[in-house]
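Working notes, beginning with the structure itself.
The values are calculated or read from the model by the stated rules, or taken from the named source; none is laboratory data. Since we're looking at a predicted model, the values are computed, not measured. Because the Cβ atoms are built from the backbone with ideal geometry, glycine has one as well, and the counts that use them run over all protein chains shown. Heads up: the accessible areas ignore ligands, DNA and RNA and are worked out on the full protein's heavy atoms, side chains in. Shrake-Rupley method; radii C 1.70, N 1.55, O 1.52, S 1.80 Å.
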Amino acid sequence: MADIREDAKNVKKAYVKSKFVDAAKSIIIQHGVLNVTVRKIAELTGYSYATIYHYFNDLNDLLLETKLSMIRHMVFHSKEQAIRADDPLMRIKENTRMPVDYFIDNPNVFRFFFSYEMNSQNEAAMKSLELEKAYYDDFLPFAEKGIIKNTDIPALSRTLLYSVFGMITLYLSNNGLTRDDIYTDMDNMIDLLLKGKSDNEKTN
């Protein structure tokens, strides 16, 4: 009986926490992270703002949980929507465009992820996600052909991820970069990493 009560308590706790996280997500996507306050979350969820502190240490703790939840959703969504083209090179190019499209369409999420300063817990949490494995499966065909080594995959993944983040930063700061520019530059970078030269260079 005690175990049943404990399970019910945990289910309720998870449900209430998810309501707070969902409210924070909604505010971030629509208005940006700087507009997230305990009182606004309370208004959206129907709970008193004091209740939030029964589930999170502070607002930063809630924002970290929100960030992790958003990333997990993105990773899951990306896997569900992953392009399965027969050509491995085309497949990795198409899959690389997914985070580009997501962040360009959701600039407030991008700013929350990469511009909003959080505490040291954020660093540990991000490392635990091992985002460098994001493109692991896409790189495997090239490792099997001997074009790259399996041990190169984490570094190659980070190269793509960091490049995507940098290009989106330029795009959002109105430096003249377009979505198509990002597509082209990413395609050329992937060619350089996996074929030794870009398609532009081959045609010159």
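Would you mind getting me the FRET efficiency between Leu192 and Ser18? Use the beta-carbon distance for r and R0 = 45 Å, nearest 0.05. That gives a FRET efficiency of 0.60.
For the chain, the mean residue ellipticity at 222 nm estimated from helices alone is -24000 deg cm²/dmol, where every DSSP H run of n ≥ 4 contributes -39500 (n - 2.57) and the total is divided by all residues, rounded to the nearest 500. Annotation for region 91-196: trypsin sites (Lys or Arg not before Pro) lying in DSSP loop with at most 16 further Cβ atoms inside 10 Å of their Cβ are Lys145, Lys149. Restricting the calculation to alpha carbons of the chain gives Rg and Dmax of 20.4, 75 angstrom.
In terms of modelled amide H atoms, which long-range or inter-chain residues lie less than 5 Å from the amide H of Tyr135? Those qualifying (amide H under 5 Å, at least 5 residues apart or on another chain) number zero.
Membrane-span-like helices in the chain, defined here as complete DSSP H runs extending at least 27 Å along the helix axis by their C-alpha atoms with mean Kyte-Doolittle hydropathy no lower than -0.5, are 2-31, 59-81, 153-172; this is a sequence and geometry rule, not a statement about a membrane. Take the chain with all the other protein chains still there, run a 1.4 Å probe, and you get 60 Å² of accessible area per residue.
Expressed as a whole percent, the accessible area of region 85-204 that falls on carbon and sulfur atoms is 49 (1.4 Å probe).
Residues in region 99-143 near a label at Thr151, defined as backbone nitrogen under 13 Å from the 7 Å Cα→Cβ point? No residue qualifies, since no backbone N sits under 13 Å from the label point. For the pair Thr169 and His54, a Förster radius of 41 Å applied to the C-beta separation gives a FRET efficiency near 0.65, rounded to the nearest 0.05.
Scanning the chain for GluC sites (Glu not before Pro) in DSSP loops with at most 13 neighbouring Cβ atoms within 10 Å leaves 1-116 as the longest stretch between them.
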